[in-house]
Amino acid sequence: MMVYLFWLIVTLIIYISVVLLKKRYPNAWLNPIVVCPIALILLLWLTHTDYLVYHSATQPITFFLGPVEIALVIPLYKYLSVLKRHFFQVITGVLVGTVAGVFIVIWVANFFDLSPSTVVSLAPKSTTAPMAMSVSQFIGGYPELTAIFAMMTALIGMMIGPPLISWLGIKNKVVKGLAMGTAASMVGAVKAAQWGELEGAMGVLGMTLVAIIMPIIAGLLFVYL
């Protein structure tokens with residue numbers, strides 16, 4: 001019991017410390033999503049702690065992730081009128097972005113002559129990790145590998161998305177939020193929420209639409225591949 005409590009407290013301390021550090025030294029590489037997993041993995045390795053022990057210890061944190069994700073939908077309901085006004089543009093933008101992301105990664109993977117299983121593991125990387133893993137398993141990929149790709153995609157999108165949006169001169173809040181949610185899933189939606197409530201709502205919408213569209217694309221990929 002004490003071991004579980006120890007790892008729970010250590011996880012919270014590391015997260016809070018990194019958040020405070022990032023506030024003092026604003027830097028994309030100091031993002032808790034990047035630093036915390038690295039610090040925890042290193043600590044687990046140094047203490048020779050089995051991951052199953054850590055997983056059990058942090059179940060309370062995992063449990064509250066569900067309600068937090070649901071809470072992100074509240075601003076979306078508030079801005080439902082915006083979705084109705086831009087419905088066609090939103091659906092088209094997310095659909096094109098999702099399809100383009102899938103086929104570009106397939107093309108790159110084939111260019112480097114990766115195995116078919118690796119290709120299909122890469123394909124659904126742009127949606128949430130649980131959905132990506134389910135899609136990967138359905139089309140014959142490696143779910144564990146897909147989870148890693150999904151996390152890497154989200155982190156890269158979170159780091160290069162904001163500067164890219166700024167460089168392109170995009171000011172529209174709806175576009176900014178959708179872009180982050182579509183490209184970087186939950187991580188992108190959370191980043192968009194830091195810009196404003198509307199951006200966060202659109203980020204959640206983009207993430208949700210990708211999760212809906214991806215299984216449909218997966219079905220087509222299953223036939224194609």
_Give me the helices (runs of 4 or more DSSP H) completely within region 1-58, filtered to those with at least 1 residues that are closer than 19 Å to residue 155 by Cβ, ordered by residue number._
2-24, 32-46
*Could you tell me whether any residue of region 190-207 is buried (at least 19 other Cβ atoms within 10 Å of the Cβ), more than 18 Å from residue 105 (Cβ to Cβ), among the β-branched types (Val, Ile, Thr) and not assigned by TED's automatic domain parsing to the domain that holds residue 35?*
yes
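The values are calculated or read from the model by the stated rules, or taken from the named source; none is laboratory data. On a predicted model such as this, the values are computed, not experimentally measured, just so you know. Cβ coordinates were reconstructed from backbone atoms using ideal geometry, including for glycine residues, and neighbour counts include every protein chain displayed.
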